[in-house]
Amino acid sequence: LPIVVKAFEMEIIPANRIVAQIGETLILTCNTTGCESPSFSWRTQMDNPLGGTVNNHKTYSTLTMNPVSIVNSHDYLCTVFCGEKEKKEKSIKVELYSFHSDPIIEISPSLVAGEPVTVICKIPDVYPSDRLEVLLKIEEHILHEENFYEDDSTNTETKTVAYSFDPMAEDIGKEITCVARLPIANMDFEPKERVTSQKLNANFGPQNTIITASPGNSPMEGDPLKLTCVTESNPPPQIVWRKYLADESIQHLIENNVLSIPHAHFTDSGLYICEVINLVTNKTEKATMDVVIQDGPKNTMISVIPATAVKEGETVTMKCTSSGNPAPVISWKKKATTGESEKIFKGATLTIQNIKSQDLGLYECEAYNRFGKEEKAVKLLVQVPPQNTTVLVHPSENVKEGENVTITCSTYSNPPSQMVLKKVHQEKEIILPSVNGTFILYNVTKNDTGRYVLDVFNEVGNNIKVIEIAVVGRLEKPNQMIPLIIAFSCVTAIAVPVVAILIYVSRKAKINGSYSVVKALRLKV
């Protein structure tokens with residue numbers, strides 16, 4: 001097949017003519033086909049500066065004007081060489097305009113009905129200004145028309161139209177409108193008309209300033225809160241938000257008419273101040289709103305003075321604190337032996353004077369408001385020395401030799417008591433300790449006769465009982481080893497009983513004076 005060779009061609013994009021606004025970015029592209037390694041050059045009519053940046057690529061070249069300025073109002077020529085002999089060139093016309101923003105209206109001085117007022121309309125950075133037309137209206141009534149056909153400016157300029165008139169009382173509140181037009185028929189751009197309106201109002205205020213809260217000034221914690229400062233003022237005022245702090249200082253927040261709190265916290269509660277300042281009338285007005293962030297009880301705590309463990313007869317003060325809004329109502333309950341809780345007091349501070357053993361137990365503080373409740377508990381321990389101690393000797397304190405003697409002790413105390421049984425000897429004291437309360441003397445002899453002292457004690461006190469045991473008559477028994485078992489158990493109202501049994505041996509029936517055996521017992525203990 002024959003090889004098709006494309007002819008060397010070029011084009012400029014966009015073609016022929018382009019309308020660009022001063023300040024924006026414009027890119028002209030010179031593109032080629034049918035040439036492997038073209039070379040490009042750009043120039044302007046009359047060889048003025050390009051006013052842009054050239055970037056050459058393999059088959060095309062770009063001229064970037066960023067930003068477009070008045071120096072870019074030219075015919076641009078792109079010349080392309082393909083080898084040494086082939087050359088092509090095309091031109092494009094860049095036409096400029098500037099019509100960036102709406103007119104700005106100023107009305108002065110402060111408007112008073114019956115006195116002249118001047119309306120000034122400014123059209124910023126316009127080009128070409130010799131095509132500019134300006135129209136001033138009050139409502140639909142035309143006040144003034146002006147054009148700048150004779151203007152010979154060669155760059156962007158801000159044009160001003162001023163017009164003075166005597167407004168009537170009924171004109172106050174009506175809209176003054178400035179219409180600016182740049183009607184260049186053969187230039188394709190939009191908009192070609194810009195409009196600004198402003199009410200013909202007297203300078204006043206601020207007045208009737210209030211704060212509105214959305215959804216309200218008592219949101220739940222975590223909810224959004226928006227405070228809006230609403231006022232009547234002309235011109236629009238400066239607005240500053242402040243908040244009174246707990247230490248009576250004032251915290252500066254923001255300068256905006258809306259104060260937004262995305263997630264309200266308990267600490268956001270307080271008195272908010274909106275201060276409105278009109279710099280023209282030199283007047284200031286304030287509005288306040290008390291914001292209360294609502295929440296269920298939290299951070300509930302119990303403090304106990306002097307401690308959770310006290311001696312019988314002392315005074316205990318239990319104080320319950322809780323945060324929340326509205327302020328939680330606090331009440332006290334005590335857990336009964338049945339497991340049910342019984343309400344005993346309403347208030348934050350529960351005081352128990354001359355405390356008794358029946359006052360011990362679990363106390364519950366309940367903090368409640370309409371958004372919920374929270375409970376905390378504390379266990380109160382009443383320390384009681386041994387009391388109501390009873391000692392029983394069976395069969396009696398006077399027994400015959402060879403019988404068994406049982407000594408039983410019971411007491412009430414908290415914490416649980418320890419017990420020590422002492423036998424008083426003419427030479428020394430024999431101590432028989434135990435944790436259980438029942439002593440059994442097997443096969444007693446006359447040597448077991450004597451005074452026994454029972455010492456019942458805990459951390460807060462003790463109780464002593466004295467027992468006189470008399471052994472009469474001797475039962476004749478063969479000379480043999482007889483075990484003596486002494487078991488002692490303590491029964492208390494609170495402690496869990498623990499049984500300890502001490503077994504002693506090597507006691508001979510015929511040995512005179514069994515205290516030697518008791519000494520052995522003491523050594524084992």
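The values are calculated or read from the model by the stated rules, or taken from the named source; none is laboratory data. For clarity, every value in this text was computed on a predicted model and none was experimentally measured. Positions of Cβ are backbone-derived with ideal geometry, glycine not excepted, and every protein chain shown enters the neighbour counts. Just the protein is used for accessible areas: all its heavy atoms, side chains included, with ligands, DNA and RNA removed. Shrake-Rupley method; radii C 1.70, N 1.55, O 1.52, S 1.80 Å.
Things to note:
- Among the residues of the stretch 156-181, the ones that are outside any strand (DSSP E or B) and modelled with pLDDT of 90 or more come to 1 in all.
- Filter result for Ile107 (within 59 Å of the chain's Cα centre (by Cα), of a type in the set (A, V, I, L, M) and open to solvent by 10 Å² or more (accessible area, probe 1.4 Å)): yes
- Every residue from the stretch 164-178 that is under 52 Å from the mean Cα position of the chain (by Cα) and farther than 11 Å from Leu200 by Cβ: Cys178
- In the stretch 12-49, residue farthest from Thr62 (Cα to Cα) [restricted to those that are more than 60 Å from the chain's Cα centre (by Cα) and either of a type in the set (A, V, I, L, M) or not assigned by the TED database to the domain that holds Tyr76 (or both)]: Met46
- Enumeration of residues in the stretch 386-401 that are open to solvent by 60 Å² or more (accessible area, probe 1.4 Å) and in contact (Cβ under 8 Å) with a residue 24 or more places away in the chain: Asn388, Glu397, Asn398, Lys400
- Residues satisfying the stated conditions in the stretch 294-321, i.e. buried (at least 18 other Cβ atoms within 10 Å of the Cβ) and out of contact with any Cys (no Cβ under 8 Å at 6 or more places or on another chain): Gln294, Asp295, Gly296, Pro297, Val310, Glu312, Val316
- Scope the stretch 392-448; condition modelled with pLDDT under 80 and of a type in the set (Lys, Arg); matching residues: Lys428
- For beta carbons closer than 6 Å, sequence separation of 6+ or different chains, a first residue in the stretch 277-293 that is buried (at least 16 other Cβ atoms within 10 Å of the Cβ) and a second that is aromatic (Phe, Trp, Tyr), the qualifying pairs are Met289/Tyr272; Val291/Tyr272; Ile293/Phe266.
- Complete set of residues in the stretch 242-254 that are open to solvent by 80 Å² or more (accessible area, probe 1.4 Å) and not hydroxyl-bearing (Ser, Thr, Tyr): Ala246, Asp247, Glu248, Ile250, His252
- Selection from the stretch 359-385 of residues that are open to solvent by less than 70 Å² (accessible area, probe 1.4 Å) and not in a strand (DSSP E or B): Asp359, Leu360
- Given (1) in contact with a strand residue (DSSP E or B) (Cβ under 6 Å, 6 or more places away or on another chain); (2) free of Cβ contacts under 8 Å to residues at least 60 places away in the same chain; (3) open to solvent by less than 60 Å² (accessible area, probe 1.4 Å), number of the condition Asn257 does not satisfy: (3)
- Glu95 vs. criteria crowded, with 17+ Cβ neighbours inside 10 Å, of a type in the set (D, E, K, R) and not in a helix (DSSP H, G or I): yes
- Just one of the listed residues (Val329, Val276, Val280) is at pLDDT below 90 and over 21 Å from the mean Cα position of the chain (by Cα), and it is Val280.
- Looking across the stretch 338-352, the residues that are surrounded by fewer than 12 Cβ atoms within 10 Å (Cβ to Cβ) and either in a loop (DSSP other than H, G, I, E, B) or among the β-branched types (Val, Ile, Thr) (or both) come down to Thr338, Gly339, Glu340.
- Total residues in the stretch 151-209 satisfying the condition of being among the hydrophobic types (A, V, I, L, M, F, W, C) and closer than 30 Å to Ala287 by Cα: the figure is 4.
- Residues (among the acidic types (Asp, Glu), in contact (Cβ under 8 Å) with a residue 40 or more places away in the chain and closer than 30 Å to Pro67 by Cβ) located in the stretch 156-201: Asp188
- All conditions in (1) outside any strand (DSSP E or B); (2) under 34 Å from the mean Cα position of the chain (by Cα); (3) hydrophobic (A, V, I, L, M, F, W, C) hold for Ile355, with the sole exception of (2).
- Residue match in the stretch 223-241 (condition: surrounded by 17 or more Cβ atoms within 10 Å (Cβ to Cβ) and either outside the structural domain of His265 (by the TED database) or aromatic (Phe, Trp, Tyr) (or both)): yes
- In the stretch 331-385, the residues that are without any contact (Cβ under 8 Å) to a residue 60 or more places away in the chain and at positive phi: Gly339, Gly347, Asn354, Gly361
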